[in-house]
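The values are calculated or read from the model by the stated rules, or taken from the named source; none is laboratory data. Fair warning: this is a prediction, and the values are worked out from it, not measured in the lab. Cβ placement follows ideal geometry from the backbone for every residue including glycine, while neighbour counts extend to all protein chains displayed.
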Amino acid sequence: MTTDEIRQKFLDFFRARGHKIVRSDSLVPQNDPTLLFTSAGMNQFKDYFLGLKKDLKRAASCQKCLRTGDLDEVGKTPYHHSFFEMLGNFSFGDYFKEEAIRWAWEFLTVELRLPRQRLRVSVHQDDEEALKIWRDDIKVREDWIYKMGDKTNFWPSHAPQEGPNGPCGPCSEIYYDQTPKAPDRGSVDDDPGRFAEIWNLVFTQFDRQEGGKLLPLKNKNIDTGMGLERLACVLQGKKTNFEIDIFLPLNQAVEECLQTKVSESSRKSLYAASDHIRAVVFAIADGVIPSNEGRGYVVRKLIRRALWQTYEVTPHKRALGIFLDRIVPVVISVMSAGYPELKQAEKNIVDTVKAEEEHFEDTLARGRGLLLEELETLKQKGRDRMPGELVFKLYDTYGLPDETTRSIAAKKGFQIDQEGFDRLMSEQRKRAKGKSPLVESIFVTSEFDRKLHKLPPTKFLGYETHQAGAKILMSQVEGDRGVVVLDQTPFYAESGGQVGDQGMLEGPHFQARVEDTQKKDNYYLHSIRITKGKVENGTEIEAKIDSGRRDAAMRNHTATHLLHAVLREVLGKQVRQLGSLVHPDRLRFDYSFSRPLTEEELLKIESRVNEEILKDTPLQKELKDFEQAKSEGALAFFGEKYGDRVRVVSVPGISKEFCGGTHCERTGQIGIFTIISDSSIASGVRRIEALTGTVALQYIQTARSQLRAVAEKLRSSVNEVPERIEKLQERVRTLEKSQFSKLPFDPKLLLSTAPQAGPFPVVVPEPIGGMSVTQLRNIYFESIRTQQESALWCLGSESGGKAYFIVGASGDLVNDPSLNMPQIANYLASKVDGKGGGGRADFAQAGTSNVAVFENNWGSFPQFINDYLKKIQNP
């Protein structure tokens, strides 16, 4: 049975038993700051478990999950993953233990036909009710039912003794016996390699109080979780999850890219690489971009770990290759049956992974250089052991695994402080878990939330009117500021990138300025500043939004939809929205694309949006079933959560999107659209900022006034400004060349006396005072690069309280692939308290604000360069 078939059988089974099938939530939890990633099927049902929502009694799902707590175990054990799918069925105050146990057993033994004699179960040692059901109703042999303690069979683990306070309860787990002919050893925990845990049934029946007192919950809940990969492993007769049908193509693709057949002893590294790239694909598809913090850091770390795992399995430890991006289409092909939205994101994921791999190569080179430098420093101090702090820094910042650091260090006669490194790694894992304290905070809620969810939902009137009568249902005020909940409101709450409305609340003896509007579930929270009287619950008031501000936001929101459609039209269907801001003053649109837009493309995009505005097309706004809207081609914002009924906003002929925001009635109301910038905000992600309406007009008028002022300064017409500026720039370049046509040194003389670095000279003239880095570049390209003799040059200058230098080559070294000038410049900059300023393979520049250090060390630059070249030639 394939993994796709198992997933569907599970959902169909529970649909037939009255469960609503809920789509998988995004890996990025919505409105839950306690979680870094969605890590369990129950996460999206938090408010139902708390009793805050009551419109659903039974649910089932297949939830995509990402966990980072056990990354080091991935591939090493049969069942650990970073990304996995969790099957689950849930009851919110409806059925309880009897049905949960009976249906679990029926699904496994009848629907999937697993042999009863291969199954074992565990119960909490004090849960006689569950024990009785398994023994007397299900007829499981009592010696196959294991009584376990609070660590393994209570959720959260150890909750009775250690907390946290809140809903909790005993568990019952179902195991599959991999080797049934062997005698039992007393407990499923005694032989974990033999018993595969399949399904965990959590019976949430207590409310833990301070001091460990367990009070019965009024409404008891069921929360189950079953790893889809683990179940497939059992049904397909495999010993490890990494050999099931959805992993085999990934393993094969990795081997093909590496051009090697991975040995049995190294397959754990192969498995880890396949696991990590699958996790990366799903995370990027849900809008997570590699970065140095939060979720982005996890994705970056997974890509680097995958690369290192493949490095470990290549013969003779070949250099890291860029190939993970070629595995992305394989992941999408394998997983698209369950998650068809992955196909839409494929181009963006490929580009993002490839860019991150290239970035890692550069980072790795810097880390390796730093390692060699630190080893040299330790050697000079007479030490032969690397501190754990340094090993950890190389791992955490530069991605160098401790195994690699140990290997390079050993060649230089060093050992590493493994114990210190392991301690720092352990502390980091604890910090990471602290950032995602699921079991400590998943059921924490404020008194305000409890009161809020006892109210009827707020009725939103803002699509039809800007002003309405309303009643204050609840308030929380401190001084002259607070939050007010109304029975109905015209105020739009921040959502989908559009900022919340502002306006006024006015009553007979009360007045308040609404400064922001937010939404929590179906309740609208109006943040107010009281200007007259005081807030009293039950008061009838008039709610009036700032109409001018709303109209401006509507123009920008409709323009955002047009921009999205035009970007896909001009750049290709691979473009997708990754974020947006709809503000009355401006709009911001983040989208997937791998390169800067040309001026021609920007002009075309701007013109096409304005063409659609001039058509004055009426917008269509409809409520539709989610699946129907999706089949009709409506675009969804990745990472957003949608219900069964969705609002679809269309501009006929060009745009159709899921959207709950406020919009113009006709495109002509936008007035005018102008792009003010296009920039990169992350690898594979760009941001367009634009203006509409009167704000756009003011921007254009200001730009026109500034252009006229420039024309006056140049004593030309506006049309002649570009030509006049070009002529001025040419004059400046000519003056600079003539000013320094006579070099302050003789290149031939310096070449004849320069020290050697291997087969070529290293030429470092005295710094030239008062010269800018631009002028240094001119000297290099005009007078040095053209020299016939092969040499490596370093030119320096001091100007304006700063020091600059450039490194470049002459002669045949200009095309020498073994020299990487940016890396050399970065290395030299580190010696003078500076930083590199970029460049290319054959030329780079750098600088420092510490002129004194620059002056003191300039004479050592030839030796620095020589040391660096020796290190890269003989690591």
Checklist outcome for this item: Only one of (1) among the hydrophobic types (A, V, I, L, M, F, W, C); (2) free of Cβ contacts under 8 Å to residues at least 24 places away in the same chain; (3) touching a Cys at 6+ places or on another chain (Cβ under 7 Å) does not apply to residue 248, and that is (3)
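Is it true that some residue in the range 555-576 is assigned to a loop (DSSP other than H, G, I, E, B) and farther than 17 Å from residue 345 by Cβ?
The first filter runs over the range 555-576 and keeps only residues assigned to a loop (DSSP other than H, G, I, E, B), leaving 572-576.
Adding the requirement that they be farther than 17 Å from residue 345 by Cβ leaves none.
For the range 555-576, residues assigned to a loop (DSSP other than H, G, I, E, B) and farther than 17 Å from residue 345 by Cβ: absent.
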Next on the checklist: One residue is enough: does the range 515-533 have a residue meeting the conditions of a type in the set (S, T, N, Q), at pLDDT below 95, under 18 Å from residue 456 (Cβ atoms) and not assigned by TED's automatic domain parsing to the domain that holds residue 588?
Outcome noted: yes
Item to check | Every residue from the range 108-139 that is within 25 Å of residue 48 (Cα to Cα) and surrounded by fewer than 21 Cβ atoms within 10 Å (Cβ to Cβ) | outcome: 129
Item to check | Which numbered condition residue 80 fails, given (1) part of a loop (DSSP other than H, G, I, E, B); (2) without any contact (Cβ under 8 Å) to a residue 40 or more places away in the chain; (3) within 30 Å of residue 454 (Cβ to Cβ) | outcome: (3)
Checklist entry - Is at least one residue of the range 793-808 among the β-branched types (Val, Ile, Thr) and over 40 Å from the mean Cα position of the chain (by Cα)? => result no
Item to check | Criterion (of a type in the set (Gly, Ala, Ser), closer than 21 Å to residue 220 by Cβ and either assigned to a loop (DSSP other than H, G, I, E, B) or within 39 Å of the chain's Cα centre (by Cα) (or both)) met by exactly one of 130, 100 | outcome: 100
Next on the checklist: Pairs needed: first member in the range 228-240, of a type in the set (Lys, Arg); second member anywhere, not in a helix (DSSP H, G or I); C-beta distance under 7 Å; at least 6 residues apart or different chains.
Outcome noted: 230/79; 230/196; 230/198; 238/244; 239/78
Item to check | Candidates 253, 306, filtered to the one that is of a type in the set (A, V, I, L, M), outside the structural domain of residue 683 (by TED's automatic domain parsing), modelled with pLDDT under 90 and closer than 23 Å to residue 345 by Cβ | outcome: 306
Checklist entry - When you go through (1) surrounded by 24 or more Cβ atoms within 10 Å (Cβ to Cβ); (2) in the same structural domain as residue 336 (by TED's automatic domain parsing); (3) not acidic (Asp, Glu) one by one for residue 269, which number turns out not to apply? => result (1)
Next on the checklist: Being crowded, with 17+ Cβ neighbours inside 10 Å and over 18 Å from residue 584 (Cβ atoms) is the filter here; which residues of the range 462-481 pass it?
Outcome noted: 468, 470, 472, 473, 474, 475
Item to check | Subset of the range 17-43 (residues that are modelled with pLDDT of 90 or more, among the polar types (S, T, N, Q) and out of contact with any Cys (no Cβ under 8 Å at 6 or more places or on another chain)) | outcome: 26
Next on the checklist: Between a residue in the range 484-509 that is assigned by TED's automatic domain parsing to the domain that holds residue 536 and any residue that is of a type in the set (Phe, Trp, Tyr) and assigned to a loop (DSSP other than H, G, I, E, B), which pairs come within a Cβ distance under 6 Å, given they are 6 or more apart or on different chains?
Outcome noted: 501/491; 501/492
Checklist entry - Scanning for something buried (at least 17 other Cβ atoms within 10 Å of the Cβ), assigned to a helix (DSSP H, G or I) and in contact (Cβ under 8 Å) with a residue 12 or more places away in the chain, does the range 831-841 turn up at least one residue? => result yes
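Considering only the range 176-185, I want to know if a residue exists there that is modelled with pLDDT under 95, buried (at least 21 other Cβ atoms within 10 Å of the Cβ) and either of a type in the set (A, V, I, L, M, F, W, C) or under 35 Å from the mean Cα position of the chain (by Cα) (or both). Walk me through how you get there before you give the answer.
At the first step, the residues of the range 176-185 found to be modelled with pLDDT under 95 are 176-185.
Retained after the next criterion (residues that are buried (at least 21 other Cβ atoms within 10 Å of the Cβ)): 176.
Still in the running and either of a type in the set (A, V, I, L, M, F, W, C) or under 35 Å from the mean Cα position of the chain (by Cα) (or both): none.
No: zero hits.
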Item to check | Lone unmet requirement of (1) in a helix (DSSP H, G or I); (2) under 46 Å from the mean Cα position of the chain (by Cα); (3) of a type in the set (A, V, I, L, M) for residue 771 | outcome: (1)
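When the residues of the range 656-681 are narrowed to those that are among the hydrophobic types (A, V, I, L, M, F, W, C) and under 23 Å from residue 641 (Cβ atoms), which ends up surrounded by the fewest Cβ atoms within 10 Å (Cβ to Cβ)?
From the range 656-681, those among the hydrophobic types (A, V, I, L, M, F, W, C) are 658-659, 664, 670, 672-673, 675-676, 681; that's our starting set.
Pick out the ones that are also under 23 Å from residue 641 (Cβ atoms) and you get 658-659.
Values: 658: 19, 659: 27.
It comes out as 658.
For every residue, the table says whether it meets (1) within 19 Å of the chain's Cα centre (by Cα); (2) more than 17 Å from residue 684 (Cβ to Cβ); (3) touching a residue at least 24 places away in the same chain (Cβ under 8 Å).
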{"position": "340", "(1), (2), (3)": "no, yes, no"}
{"position": "359", "(1), (2), (3)": "yes, no, yes"}
{"position": "369", "(1), (2), (3)": "no, yes, yes"}
{"position": "381", "(1), (2), (3)": "no, yes, no"}
{"position": "384", "(1), (2), (3)": "no, yes, yes"}
{"position": "399", "(1), (2), (3)": "yes, yes, yes"}
Next on the checklist: It is to be established whether one or more residues within the range 788-798 are crowded, with 18+ Cβ neighbours inside 10 Å, at pLDDT below 85, touching a helix residue (DSSP H, G or I) at 6+ places or on another chain (Cβ under 7 Å) and farther than 18 Å from residue 370 by Cβ.
Outcome noted: no
Next on the checklist: When you scan the range 696-708, do you find a residue that is surrounded by 11 or more Cβ atoms within 10 Å (Cβ to Cβ), over 30 Å from residue 284 (Cβ atoms) and among the hydroxyl-bearing types (Ser, Thr, Tyr), even just one?
Outcome noted: yes
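When the residues of the range 330-368 are narrowed to those that are touching an Asp or Glu at 6+ places or on another chain (Cβ under 7 Å) and crowded, with 17+ Cβ neighbours inside 10 Å, which ends up modelled with the highest pLDDT? Even if it seems obvious, please write down each step before you answer.
Of the residues in the range 330-368, the ones touching an Asp or Glu at 6+ places or on another chain (Cβ under 7 Å) are 332, 337-338, 350, 353-354, 357.
Next cut, crowded, with 17+ Cβ neighbours inside 10 Å only: 332, 338, 350, 353-354, 357.
Working: 332: 96, 338: 91, 350: 90, 353: 91, 354: 89, 357: 85.
Result: 332.
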Checklist entry - Do the conditions hold for residue 117, that is, is it outside any loop (DSSP other than H, G, I, E, B) and in contact with an Asp or Glu (Cβ under 7 Å, 6 or more places away or on another chain)? => result no
Next on the checklist: Condition (residue is surrounded by fewer than 20 Cβ atoms within 10 Å (Cβ to Cβ), closer than 16 Å to residue 564 by Cβ and of a type in the set (Val, Ile, Thr)) applied to the range 591-611: is it met by at least one residue?
Outcome noted: no
Item to check | Filter result (charged (D, E, K, R) and either surrounded by fewer than 24 Cβ atoms within 10 Å (Cβ to Cβ) or under 26 Å from the mean Cα position of the chain (by Cα) (or both)) within the range 550-572 | outcome: 550, 551, 568, 569
